[in-house]
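Working notes, structure below.
A short reminder: the numbers here are calculations on the coordinates, not readings from a lab. Please read these numbers as outputs of a predicted model, since none were measured by experiment. No Cβ is skipped: glycine too gets one built from the backbone with ideal geometry, and neighbour counts run over all protein chains shown.
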Amino acid sequence: MLIVVVGLVAPRHAQADIFRPSVQDQIKIGKQVHDQIVKEAKVLPDSDPRTQLIRQLGEAMVAKIPESERKSRPFEYRFYVLQSRELNAFAVPGGGIYIYSGLIARMRTVDQLAGVVGHEIIHVRNQHWASAYADSIKRRLGLTIVLTLLGAGDWVFDVADAVDTFFVGLPYSRRHEAEADRLGFDLMAGINMNPQGLVDTFALFAENEDTSAGDFLRTHPLSRDRVKAMQDRIAKSNRSFPPQRPLPLNMRVPNLRWVR
Ligand SMILES: [Zn+2]
């Protein structure tokens, strides 16, 4: 009975947000996760042409985010390439975006890369990890307890626990993936990139589904619907996009030995 009463009294919005780490917490978590990544993975130097290219693309897209939003949610977007043969990319809360060199090595166009960068920016911008984290906490506690806590207003956020949870890996929902694709499309189009690049990257993941793309597919499940939604969006945009631009050869050659 108590559950029903509290459920009715607590505003729906509060139920959705109370467990979500704040913007400042997300930035703090992201910095701690970044420190771990630097310890455990090889981050390519700032002078690497691949790092320079993803920064150029990412910063151009971030510059399209309205100033008012940047002020209210001051995420610190930073772009890195990790040396790894895996086909993968991910974003950490607060702004860190990481693309694996193995993925870039398989790409053929700058637009493919822009598609992945734009998609990852939206995961940060729309706080998808924080929402997934809040959902996981609710699942862990169980709805009954959650509703009781909401009534008591007793919730302490633990950054260390959140950082651990990041490494366990929370699957993004289909809704979040669809949103990252949809709004990532707008970011790409906003800097005059061809969104077909993202569709081509999906094809790359699909071809490699049984090999090294496992991790990306776990965090970014691909579905036929998702690819089709992107193709429909391109068709319905009534825009003509410039042809895709080839990736500079020097970004692919060092990794050619990995390509079957
Ligand atoms: Zn994603």
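Across segment 192-203, the qualifying residues are those that are more than 17 Å from Lys228 (Cβ to Cβ) and surrounded by 15 or more Cβ atoms within 10 Å (Cβ to Cβ), and the one among them that is nearest to the ligand (Cβ to nearest atom) is Met193. Can you name every residue in segment 159-190 that is of a type outside the set (D, E, K, R), away from the ligand (no atom under 16 Å from the Cβ) and surrounded by fewer than 18 Cβ atoms within 10 Å (Cβ to Cβ)? Correct list: Val159, Ala160, Phe167, Val168, Gly190. Being surrounded by fewer than 17 Cβ atoms within 10 Å (Cβ to Cβ) and either under 28 Å from Pro246 (Cα atoms) or under 14 Å from the mean Cα position of the chain (by Cα) (or both) is a condition met by at least one residue of segment 120-136. Among the conditions (1) away from the ligand (no atom under 16 Å from the Cβ); (2) surrounded by fewer than 22 Cβ atoms within 10 Å (Cβ to Cβ); (3) more than 15 Å from the chain's Cα centre (by Cα), the only one that Arg78 does not satisfy is (3). Return yes or no: is Ala105 touching a residue at least 24 places away in the same chain (Cβ under 8 Å), hydrophobic (A, V, I, L, M, F, W, C) and touching a Lys or Arg at 6+ places or on another chain (Cβ under 6 Å)? In short, yes.
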